[in-house]
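Visitor: Have a look at this one.
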Amino acid sequence: MKITQRQSDLKTMSTDQLQDELLKLKKEQFNLRFQRATGQLENTARVTQVRKDIARIKTLQRSKAVAASA
């Protein structure tokens, strides 16, 4: 249920908002990788969740770009 809600929220965002969200997630991914390397990471599942969210955003950006060009 949570993933479906997240996807519907992302679909309503504009391209600029998606870009901002992507930047935020990439920063979080970097911080999580840094925490994992130093042994401070407690929630290891968050790494996978962030990767999947980044993929979702990139997919939506691509589909919006294709729809705009068509």
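Visitor: Quick one: how many residues across the range 1-36 are farther than 18 Å from Thr59 by Cα and in contact with a Leu (Cβ under 8 Å, 6 or more places away or on another chain)?
Guide: Looking only at that region, the number is 2.
Visitor: I would also like to ask the following. Can you pull out the residues in the range 41-70 that are over 10 Å from the mean Cα position of the chain (by Cα) and among the acidic types (Asp, Glu)?
Guide: Glu42, the sole residue that qualifies.
Visitor: If you don't mind, there's one more thing I want to ask. Of these, Leu23, Leu18, which one is surrounded by 16 or more Cβ atoms within 10 Å (Cβ to Cβ), at negative phi and within 13 Å of the chain's Cα centre (by Cα)? Don't jump to the end; show me each part of the working.
Guide: Working: Leu23 fails: surrounded by 16 or more Cβ atoms within 10 Å (Cβ to Cβ).
So the residue among Leu23, Leu18 that is surrounded by 16 or more Cβ atoms within 10 Å (Cβ to Cβ), at negative phi and within 13 Å of the chain's Cα centre (by Cα) is Leu18.
Visitor: Please identify the pairs in which a residue from the range 47-70 that is among the acidic types (Asp, Glu) has its Cβ atom under 6 Å from the Cβ atom of a residue that is part of a helix (DSSP H, G or I) and open to solvent by less than 50 Å² (accessible area, probe 1.4 Å), counting only partners at least 6 apart or on another chain.
Guide: The qualifying pairs are Asp53/Leu25.
Visitor: Follow-up. Taking the range 26-69 on its own, how many of its residues are under 17 Å from Gln5 (Cα atoms) and open to solvent by less than 60 Å² (accessible area, probe 1.4 Å)?
Guide: Of the residues in the range 26-69, 7 are under 17 Å from Gln5 (Cα atoms) and open to solvent by less than 60 Å² (accessible area, probe 1.4 Å).
Visitor: Give the residue that is nearest to Lys64 (Cα to Cα), with candidates limited to residues of the range 1-15 that are open to solvent by 70 Å² or more (accessible area, probe 1.4 Å) and hydrophobic (A, V, I, L, M, F, W, C).
Guide: Ranking the qualifying residues of the range 1-15, first place goes to Ile3.
The values are calculated or read from the model by the stated rules, or taken from the named source; none is laboratory data. This one's a predicted model, so the numbers in the text were calculated from it and none came from an experiment. All Cβ positions, glycine included, derive from the backbone under ideal geometry; neighbour counts span all protein chains shown. Keep in mind that these areas ignore ligands, DNA and RNA; they rest on the heavy atoms of the full protein, side chains included. Shrake-Rupley method; radii C 1.70, N 1.55, O 1.52, S 1.80 Å.
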